[in-house]
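For reference, the structure is listed below as structure tokens.
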Number of protein chains: 2
Amino acid sequence: MNFEDIVNSRRAVNFFDKDKDVSEELLREMVELAAKSPSGFNLQPWNMIVLRDSESKGRLQKLAWDQPKVSEAPIALIILADIDGWKEENKTVEKVFLENVKAGIMSEEQREWFKNARDSIYGDSRDKQLAFACKNTGFFAMTLMLAAKSLGLDTHPMDGFDHEGVIKEFNIPDNYWIPLLLAVGYFDKDKQLYPPKWRKSYDEIVVEF
Amino acid sequence: MNFEDIVNSRRAVNFFDKDKDVSEELLREMVELAAKSPSGFNLQPWNMIVLRDSESKGRLQKLAWDQPKVSEAPIALIILADIDGWKEENKTVEKVFLENVKAGIMSEEQREWFKNARDSIYGDSRDKQLAFACKNTGFFAMTLMLAAKSLGLDTHPMDGFDHEGVIKEFNIPDNYWIPLLLAVGYFDKDKQLYPPKWRKSYDEIVVEF
């Protein structure tokens, strides 16, 4: 499939084939493609919890407006955005710096510069930290959905869930925001999809002030 | 190019060919592909300002750590996330509802349900509204970058800018957050790119608590 076909055939699928599992290998392939998404300073402030067993998916479904697709899909992902993913003490931040030094992209002497740059962009408000986490994790999740389609899989991103409830139920540390849940599997071909929904045109997207 | 090639060849390009313009037609094509990105309730809370003339790009560059690529790229986009893009009085929200009714996805009687659903998810905190805006606009911007690559274009997403300064300089209404700036053009082939940066592995992305 070319890119246009992937974009056009990616749909938020409400009905998943309960009998068709997604292999660990395929999930890895999908995630490793999404891992190549860009992020501010390459900080990659994204993680995810993978739920496969029906007990865990059932607990999530209860907190997600009881949407059956959460359990019907073989995999339900809780996508996590790390609000602290720019801080000096963050493990990934340190790794990014060391890998940059190793690749000759930064020098050891730039450690202070790198810290100051992050502090100046993200350090001064909760808004900036949350926007950083959710924007970049949005990049990751979008590539995840397109990668899924390119591998023959279907997905459904969900906003309809109790944010605080899921944080509590799954013991999620409070440095994380949950920008979305994502059901992953195969469309149930016995069901029907609505035609693609209306989208804003170029002229509705571009603004001037 | 297949999807894997697009993902692997999309790079944040620091050097743009100053002599190679991007046609209006190509930009439209790119944006119309990105417009198909999913969003919570299909609310599409994304907009963008397109800068092409050197005077405007120069004003933006000054507020973006003086990064030359802002001016060197034929197009600089100010990507906007509408924090109010879930509210009843929002024009796009009304249009989404009417288009859903027209397509038989919703009935006129569901107007109240639709309002309550949005209010219950986004209504009770600034955090939720900002996360909604930035996550969905992240989807849009990610597809924009991949669409660009699929059309032979290169991009560079930027976090390094003075958020309040750009809001002020370009008279951006305060319902918008700027999740990123995006330079769009063609890579300057006289320059060299570093090898792709380190990325987290599957096992570093998946977490359990």
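Using only Cα atoms, tell me the angle between helix B:24-34 and the longest principal axis of chain B; keep it within 0 to 90° and round to the nearest 10. Between the helix axis and the principal axis of chain B, the angle is about 50 degrees.
Each Lys and Arg contributes +1 and each Asp and Glu -1, all at the Cβ; summed about the Cα centre of segment B:96-197, the dipole is approximately 320 debye. Panel order for B:F97, A:F209, by other beta carbons found within 10 Å of each beta carbon, from fewest to most: A:F209, B:F97. Measuring between their Cα centroids, segment B:148-209 and segment A:87-125 lie 17 Å from each other. The same position B:E109 in the other copies lies at 7.3 nm from this copy, comparing label points 7 Å beyond Cα toward the beta-carbon, shortest first. Mean partner shielding of peptide A:116-123, defined as the number of other chain Cβ atoms within 10 Å of each residue Cβ, is 2. Which of the three applies to segment A:99-175, rounded, prolate or oblate, going by the alpha-carbon gyration tensor with a ≥ b ≥ c and a/c under 1.5 meaning rounded? Cα axes put segment A:99-175 in the oblate bin. For the rotational copies A and B, the chain A residue with its Cβ nearest the relating axis, together with that separation in Å, is A:G138, 1.
Label point of B:D174 (7 Å along Cα→beta-carbon): distances to the other copies' equivalent points are 2.8 nm, sorted ascending.
Averaged over the residues of A:77-84, the number of partner chain Cβ atoms lying within 10 Å of the residue Cβ comes to 2.
Helix A:91-102 and the longest principal axis of the Cα set of chain A meet at an angle near 60°. Summary value for chain B: 35 percent relative contact order, contacts being C-alpha pairs under 8 angstrom separated by 6+ residues. With its label point defined 7 Å out from Cα along the Cα-to-Cβ axis, B:E94 lies at 5.4 nm from the matching points of the other copies, in increasing order.
The numbers here are math on the coordinates, done by the rules we state, and not lab data. Keep in mind that what you see is a predicted model, and the values were worked out from it rather than measured. Note: ideal-geometry Cβ built from the backbone for every residue, glycine included; neighbour counts use all protein chains shown.
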